[in-house]
Amino acid sequence: MERTHLMSQTINNTKSMWAIFGVFFFESLAIGQWIPRIPDIKASLGLSDAELGLALLSMPLGTVIGLAVSGKIIELLGLRGSCRLFLPLWSLLFITPGLAQTMSQLMAALAVSGVAIGLIETAMNTEAARLETACKKRLMSRCHGFWSIGTMVGALSGGLIAQQGVSVAMHFIFVMPLIAIGGYYVASALPVLSSLNESSGRASSSAPLSSNEAAKSRLITLPSKALLLLCIMPLGVMMVEGAFIDWSAVFMRDIMSASPLTIAITYSFFSVVMAAVRLSGDAISERYQESTIVRFSGIAAMIGIGMFALAPSTLWAFAAAALAGAGVAIVFPLAVTAAANRPGRSPAENVAALNMIAFSAFLIAPPLIGFLSELIDLRYALLALVPCALLTVVLAREVHVHPVT
């Protein structure tokens, strides 16, 4: 009887693991479609670098709103319900940037999409942390590895579609609903209930809270003093990652005169290395101290973005993108696990607070680069991210991640 129960639990844990991997994959698959189409949208709307930067700023503004209220909404709906709702919603809303005919329409579309990003980011990261405890093994880095694979697949497929001359509107109208369907399917495979944190007395976030519990939770989730430096720590590398997502394509086309397919391949070098490191990141975390991993990651991100900004050739850009991808890979997953296990507040609230600060930097970096490129050239604007990545190196000690037991 006990053996049968253990086998059943193992099967359920395996199913849950692959379900959360799928959620991360489909969430980033939508972003991947966007990456190679940014230059097309910039050209079709006749935007300058500064105007594109201003338009891109709309997404982090929406994301901040989504992240700020995500803690309470997720506690009301439960993690599984939140992922089932917000993952398809994010994909469907992202059709609207492809339909924009003016800069103001683009800004509105990105802002609304940004709200959905904040909601699904908090839900899926908190669920991943919950499953780490339930399965008694590290999963966070592999989850983000599947996120990287999703952006790579999305960028390559989006680049191939762009290479065929398909309009952005038709591209998104056809592809995004398919991503929404896939996202709903994998999110539905998440467990309804889990024994997470039973030993520590915390309630599972998989099921919705009662009305009394929900009333006690915070609507706006801000970091506590104990969490603040941890929230600030990943800002530098996330700015590097955000820059690669939104500006590597523009850089390769405007500076390197690259084709849409070459643009997609450049980002794929960044993404595939990031995915490989993340997929092995849980094993790396068990062997080395988290602070050491973060410190070396920050240094690699600094060197990678510096090389990319000064790239004299396409091959040089490929190599720089790969190094930067390795540098940004593990830092945020480690921070999420640390936040979810930091005492004082619920895992959902801690992860929401971390996301609100760290993910905002991830999205704010691209518009700032747009403004800087108008003043000092795009190469030097990207080079300005080198000292930003140094912040991660300096604060590496703030990652206090304890092995899941």
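None of the figures in this text is laboratory data; all of them are computed from the coordinates on show. Note that this is a predicted model, so its numbers are computed, not measured. FYI the Cβ positions are ideal-geometry reconstructions off the backbone, even for glycines, and counts take in every protein chain you see.
As a proxy for reagent exposure, ranking Thr314, Thr337, Thr96, Thr133 by other Cβ atoms within 10 Å from fewest up yields Thr314, Thr96, Thr133, Thr337. The stretch between Val192 and Leu228, if pulled fully straight at 0.36 nm per residue, gains 9.8 nm over its current Cα-Cα span. Taking other C-beta atoms within 10 Å as the exposure proxy, Lys72, Lys15 rank Lys15, Lys72 from fewest upward. Relative to the longest principal axis of the Cα atoms of the chain, helix 331-340 runs at roughly 30 degrees.
Which of the peptides 279-289, 157-167 is most tightly packed, and how do the rest follow, going by the mean number of other Cβ atoms within 10 Å of each residue? Mind dumping the intermediate values first?
Values: 279-289: 15.6, 157-167: 17.6.
The most tightly packed comes first, giving 157-167, 279-289.
What's the whole-number percent of alpha carbon pairs in the range 74-127 lying beyond 19 angstrom? Within the range 74-127, distances greater than 19 Å cover 32 percent of Cα pairs. Taking the Kirkwood radius as the inverse of the mean 1/r across Cα pairs, report the Rg/Rh of the range 125-198. My calculation puts Rg/Rh at 1.13. When the Cα atoms of the chain are aligned to their principal axes, the ranges along those axes come out at 64, 42, 39 Å in descending order. First obtain the Kirkwood hydrodynamic radius of the range 259-339 from its Cα pairs, then insert it into the Stokes-Einstein equation at 4 °C and 1.567 mPa s, and state the resulting D in µm² per second as a whole number. Once the numbers are plugged in, D ends up at 100 µm²/s. Projecting the Cα atoms of Ile284, Gln101, Trp247 onto the charge dipole of the chain (Cβ charges, centred on the Cα centre) puts Ile284 farthest toward the positive pole. Charging the Cβ of each Asp and Glu at -1 and of each Lys and Arg at +1, and nothing else, the dipole of the range 1-159 about its Cα centre rounds to 620 debye. Axis angle, to the nearest 10 degrees, between helix 2-34 and the longest C-alpha principal axis of the chain: 20 degrees. Each Lys and Arg adds +1 at its Cβ and each Asp and Glu adds -1 at its Cβ; summed about the Cα centre, the chain shows a dipole of about 860 debye. For Asp49, the shell of other residues with beta-carbons less than 13 Å away shows a net charge of -2, using +1 for Lys and Arg and -1 for Asp and Glu. In a shell of Cβ-Cβ distance under 14 Å around Gln33, excluding Gln33 itself, what net charge do Lys and Arg (+1) and Asp and Glu (-1) give? Once all neighbours under 14 Å are counted, the net charge is -2. Where only DSSP H runs of four or more residues are counted, the chain gives -26500 deg cm²/dmol as its mean residue ellipticity at 222 nm, each run worth -39500 (n - 2.57).
Give me the percent relative contact order of the range 8-141, please, defined on Cα pairs under 8 angstrom at least 6 residues apart. Numbers along the way, then the final one.
Values: 135 pairs, mean separation 46.4, N = 134.
Relative contact order, the range 8-141: 35 percent.
How tilted is helix 235-254 with respect to the longest principal axis of the chain? Cα atoms for both, answer in degrees (0 to 90, nearest 10). Tilt relative to the chain: about 30 degrees. Here the label points at Tyr380 and Trp316, each 7 Å from Cα along the C-beta direction, are separated by 1.8 nm in the simple model. All C-alpha to C-alpha distances of the range 46-166, sorted into 10 Å bins beginning at zero, yield P(r) values of 13, 33, 36, 15, 4, 0 percent in whole numbers.
Taking the number of Cβ atoms within 10 Å of each Cβ as an exposure proxy, the fewest-first ranking of Cys143, Cys135 is Cys135, Cys143. Only lysine pairs 8 or more places apart, or on different chains, with alpha-carbon atoms under 24 angstrom apart are counted in the chain, and they number 5.
Which net charge results when you count Lys and Arg as +1 and Asp and Glu as -1 among the other residues whose beta-carbon is under 11 Å from that of Ala129? Surrounding charge for Ala129 is +1.
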